[in-house]
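The structure under discussion appears below in the form of structure tokens.
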Amino acid sequence: MSNTLAENNHTLSMNDIVSLCKRRGFIFQSSDIYGGLQGVYDYGPLGIELKNNLKNAWWRSMVYERDDIEGLDSSIIAHRLTLKHSGHEDTFTDPMVDCKECKARMREDLIKDGKCENCGSSNLTDPRMFNLMFKANFGPVENDDSFIYLRPETAQGIFTNFKNVLDSTSRKIPFGIAQIGKAFRNEITPRNFIFRVREFEQMELEFFVEPGTDEEWHDKWVQERYHWWIRQGLNKKNLKLEHQDKNELAHYAKATVDILYEFPHGAEELEGIANRTDFDLGSHSKNQEDLNLWAKVQPNQDSNQKLVAQDNQKQNSYVPYVIEPSAGLDRGVLAILAEGFTKEKLENGTERIVLKLKPHLAPIKAAVIPLAKNNEQIVQKAKEITRTLAKLGLGRIRYEDVGNVGKAYRRNDEVGTPFCITVDFDTFEGDTETVTIRHRDTMIQERITVSELPETIVKYYNID
Ligand code: GAP
């Protein structure tokens, strides 16, 4: 399970990443103390910062830097009919087989040469279709009709809110609704760390367009999303666009282009950009009569909502087509970690691990290190600088008073801190106070005045 990444002059294994994540507090196995839940992970102190930074970058590019997209945060619990009419109840399945020898369970389409991936036996059951949605009981009474689903994609919450957003914002087609949130899939074989998991987050945009303009918008969004990932630091050499074959397409899609990333376990999907046509809005409009069935267990439901838009002359209404860029946030985090993970041989023969993250994604923006932990003047100045930089609002600034300076540099290199600022005895020499700022990737150190520190950090932070 290894692969040589284009710019990292070493062989990167998934274990390198898993062990860094655990050691430094990025990602932990969920329920670790009880033996772990397979395919479920928790983000630690640094992981949550990285994940939030990636989310914020996505939200900024979608909602703040454009004027044709609104945001949404819909519920995780999905109305049962939503997922019936979306097609998920009937078709969101994977073929599952069991090994008759070792009892391992696996996805048939991922098996190589018809052999059990655990013991190598060919003695497998016929495939059975397995629905990936998690069911939960809704309300205090448990009966056959009282269940709901945990949403398997955030998209359906966008479709069911289409009219709410349209009416409350007076938007005109084309426009989009963006959402970041949890999705749940009871994957038969979760694997490859946070690549395929049972609880994950998606960053999804549903962009509503006039039928007939959909193919052009599809192409635009593919380009837009591909270049966004490059701006997050992913190397072009590790990215690939792949058009899905007709037989691979999801039940709702007319065409889908996947953005593949060269993960440590191989090139796999990071994001899919689908042309969902009018499938979802059309289906949710058409199937309102089923509400009467559901009303038996859930009274007071709205009914007869036609999810349509009007043409510019307000003559006709039509069901818009949808272009959907759908990215996995956890897969994004994994790609960013894999891309940034670098082992470097230093001139003195030692090795350092550096996480070469773009500053806007780094969990810690700068570390402030007092050279002498027992010198009151140095310690006070370092704490004061930490407080000043924290107020810039760039993210976490860490006051580092553990170990010597060399170890503090290494520790910060490993977690991707772009700058270390050292307060030392020279700080108080001369007319103005000065500090050393050390750059993570080049290890170059420069001496600057304390007063120019905030603007210097902001300047470097903004360099693309
Ligand atoms: N709304 C469209 C949709 O959900 P998808 O291709 O099934 O399409 C979109 O999922 C993205 O969600 C994928 O490209 C992937 O990044 C992420 N994703 C899907 N299943 C996942 C899983 N089990 N674990 C982690 N990420 C997953």
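Give the cysteines in the chain for which no other Cys Cβ lies under 4.7 Å away, or write none if there are none. So, Cys21, Cys420. Once you sort the root eigenvalues of the Cα gyration tensor of the stretch 144-282 as a ≥ b ≥ c, which label holds: rounded (a/c under 1.5), prolate (a/b larger than b/c) or oblate (the other case)? Since a/c reaches 1.5 but b/c is at least a/b, the shape of the stretch 144-282 is classed as oblate. Give the percent of DSSP beta bridges with both residues in the stretch 362-460 that are antiparallel, rounded to the nearest 5. Roughly 50 percent of the DSSP beta bridges within the stretch 362-460 come out antiparallel. Residues whose amide H comes within less than 5 Å of that of Ser13, counting only those at least five positions distant or on another chain, are absent (H built at 1.01 Å from N in the peptide plane). Dipole check for the chain: with +1 at the C-beta of Lys and Arg, -1 at the C-beta of Asp and Glu, and the Cα centre as origin, the magnitude is about 940 Debye. Each Lys and Arg adds +1 at its Cβ and each Asp and Glu adds -1 at its Cβ; summed about the Cα centre, the stretch 357-396 shows a dipole of about 160 debye.
Among beta bridges from DSSP that stay inside the chain, the antiparallel ones total about 85%.
Highest average first, the peptides 11-21, 166-176 ordered by how many other beta carbon atoms sit within 10 Å of their residues are 11-21, 166-176. Residue ranges 379-389, 347-357, 186-196, 273-283 sort as 273-283, 186-196, 379-389, 347-357 when ordered by packing (mean number of other C-beta atoms within 10 Å per residue, highest first). Summarising the amide proton neighbourhood of Ser121: residues at separation of 5 or more, or on other chains, whose placed amide H is nearer than 5 Å comprise Cys116. Note on Asp42 and Thr432: with the Förster distance fixed at 45 Å, the Cβ-Cβ geometry gives a FRET efficiency of about 0.50. When the inverse distances between all different Cα atoms of the chain are averaged and flipped, the Kirkwood radius reads 25.0 angstrom.
Helical content alone sets the calculated 222 nm signal of the chain at -8000 deg cm²/dmol, taking -39,500 (n - 2.57) per DSSP H segment of four or more residues and averaging over every residue.
Ranked by the mean number of other Cβ atoms within 10 Å per residue, highest first, peptides 197-205, 74-82 order as 197-205, 74-82.
Can you tell me the orientation of helix 214-231 relative to the chain, as the angle in degrees between its alpha-carbon axis and the longest Cα principal axis, to the nearest 10? Helix 214-231 sits roughly 20 degrees off the main axis of the chain. Converting phi to 3J(HN,Hα) with the Karplus coefficients 6.51, -1.76 and 1.60 and the offset θ = phi - 60°, the stretch 74-85 yields 8, 6, 6, 6, 10, 4, 4, 5, 4, 7, 6, 6 Hz in sequence order, with x at every glycine or proline. Accessible area of Arg23 (1.4 Å probe, protein heavy atoms only, ligands and nucleic acids ignored): about 120 Å². Applying 1/(1 + (r/R0)^6) with R0 = 41 Å to the Cβ-Cβ distance of Lys383 and Ser75 gives a FRET efficiency near 0.45. Label reach from Ile230 (point 7 Å along Cα→C-beta): in the stretch 44-83, no amide nitrogen lies under 13 Å. Using the Cβ-Cβ distance between Asp32 and Thr449 with R0 set to 56 Å, the FRET efficiency works out to roughly 0.75.
For the chain, the longest principal axis of the C-alpha atoms and the axis of helix 376-390 are separated by about 30°. Distance from a point 7 Å along Cα→Cβ of Glu268 to each backbone N in the stretch 195-224: keep the residues under 19 Å and list them by number. Counting backbone N atoms under 19 Å from the label point, the list is 195-203. Averaged per residue, the stretch 1-110 has 51 square angstrom of accessible surface, using a 1.4 angstrom probe with ligands and nucleic acids left out.
When the chain is described by a simple charge dipole with +1 on each Lys and Arg Cβ and -1 on each Asp and Glu Cβ, the residue from Asn462, Ser31, Pro95 located farthest towards its positive end is Ser31. With a ≥ b ≥ c taken as the square roots of the eigenvalues of the C-alpha gyration tensor of the stretch 1-156, please select rounded if a/c is under 1.5 and otherwise prolate if a/b is larger than b/c or oblate if it is not? Oblate, because a/c is 1.5 or more while a/b does not exceed b/c. Over the stretch 362-460, the hull volume per residue, using the convex hull of the C-alpha atoms, is 87 Å³.
Roughly how much of Tyr399 is accessible, in Å² to the nearest 10, using a 1.4 Å probe? For Tyr399, solvent-accessible area is about 60 Å². Overall shape: oblate for the stretch 46-110, with the ratio a/c of the largest to smallest alpha carbon gyration tensor axis at 1.5 or above and b/c at least equal to a/b.
The values are calculated or read from the model by the stated rules, or taken from the named source; none is laboratory data. Keep in mind that this is a model prediction, so the values were computed, not measured. We place every Cβ from the backbone using ideal geometry, glycine too, and count neighbours over all the protein chains shown. The area values use the complete protein model at the heavy-atom level, side chains included, leaving out ligands, DNA and RNA. Shrake-Rupley method; radii C 1.70, N 1.55, O 1.52, S 1.80 Å.
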